[in-house]
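Notes for the one structure printed next.
The values are calculated or read from the model by the stated rules, or taken from the named source; none is laboratory data. Because the structure is a prediction, the values reported are computed rather than measured. Heads up, the Cβs are rebuilt from the backbone with ideal geometry, glycines too, and the neighbour counts pull from every protein chain shown. Side chains included, ligands, DNA and RNA excluded: accessible areas come from the protein's heavy atoms. Shrake-Rupley method; radii C 1.70, N 1.55, O 1.52, S 1.80 Å.
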Amino acid sequence: MDFTVDYQPSPDEVTRALGLGVNRQLRAFRLGLPAVLVLLGGACLLGDGASLGIGMFAGAVVAPFALGWAIRRMARRQVAYLCLPATVHVTSDGYEVRTDQSTTSMRWSLFGRIDSTPEFWLLFINRQFAAFLPKRAFDDDQRRELESLFAARQETTAGRAR
């Protein structure tokens, strides 16, 4: 595998990719925080802390919306850096992204997990979202090659984890 593509991500595309990646990274926190707040709120209501308990319940309702807002805000701040015309060179060892401002090179072995969505491949180092590749940047044959490479990597990674 060795191919090069040129593309420029749109601001909406970057925002969606970052939102998906960060949401997957924070899945346990996003689900756990409201649950903990509900439990603590219930404990406060059983004790003498009714107002604190009500505040905890309110926090459990508001927390997911606040987290979503924070993720979208972070994504909007990254748009200026990520929405530049880019050249992506992909090999079986890794990929390189070049813009007028920067060059980033990553080896596939760095990523412990690669999630495929309809629009993107989301790349994770350990459990942390690190990068994304938009599928629209690649033609059908290139997408199939990448899917095969990632599927083989997942099988190898899953085999090592057993």
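General observations
- The residue that is nearest to residue 134 (Cα to Cα), counting only those in the range 5-19 that are open to solvent by 80 Å² or more (accessible area, probe 1.4 Å) and at pLDDT 90 or above, is 8.
- Which numbered condition residue 155 fails, given (1) in contact with a strand residue (DSSP E or B) (Cβ under 9 Å, 6 or more places away or on another chain); (2) open to solvent by 60 Å² or more (accessible area, probe 1.4 Å): (1)
- Residue 48 meets the conditions (1) over 21 Å from the mean Cα position of the chain (by Cα); (2) in a helix (DSSP H, G or I) in every case but one. The failed one is (2).
- Among residues of the range 98-141, those that are out of contact with any helix residue (DSSP H, G or I) (no Cβ under 9 Å at 6 or more places or on another chain) and farther than 21 Å from residue 82 by Cβ, counted: 4
- Evaluation of residue 92 against (1) touching an Asp or Glu at 6+ places or on another chain (Cβ under 9 Å); (2) closer than 19 Å to residue 25 by Cβ; (3) open to solvent by 20 Å² or more (accessible area, probe 1.4 Å) (one fails), failing number: (2)
- Of the residues making up the range 58-103, those that are β-branched (Val, Ile, Thr), within 25 Å of residue 139 (Cβ to Cβ) and without any contact (Cβ under 8 Å) to a residue 12 or more places away in the chain are 97, 103.
- Residue within the range 38-51 that is open to solvent by 30 Å² or more (accessible area, probe 1.4 Å), touching a Ser or Thr at 6+ places or on another chain (Cβ under 7 Å) and hydrophobic (A, V, I, L, M, F, W, C) present: no
- Among residues of the range 124-141 being of a type outside the set (Gly, Ala, Ser) and surrounded by 16 or more Cβ atoms within 10 Å (Cβ to Cβ), the one that is farthest from the chain's Cα centre (by Cα) is 138.
- The listed residue being open to solvent by less than 80 Å² (accessible area, probe 1.4 Å) and either β-branched (Val, Ile, Thr) or over 17 Å from residue 14 (Cβ atoms) (or both), out of 150, 120: 150
- Restricting attention to the range 99-117, the residues that are of a type in the set (D, E, K, R) and open to solvent by 90 Å² or more (accessible area, probe 1.4 Å) total 2.
- Hits in the range 62-112 - residues which are aromatic (Phe, Trp, Tyr) and either farther than 21 Å from residue 153 by Cα or not in a helix (DSSP H, G or I) (or both): 65, 69, 81, 95, 111
- Residues satisfying the stated conditions in the range 2-59, i.e. over 30 Å from residue 93 (Cβ atoms) and of a type in the set (Phe, Trp, Tyr): 29, 57
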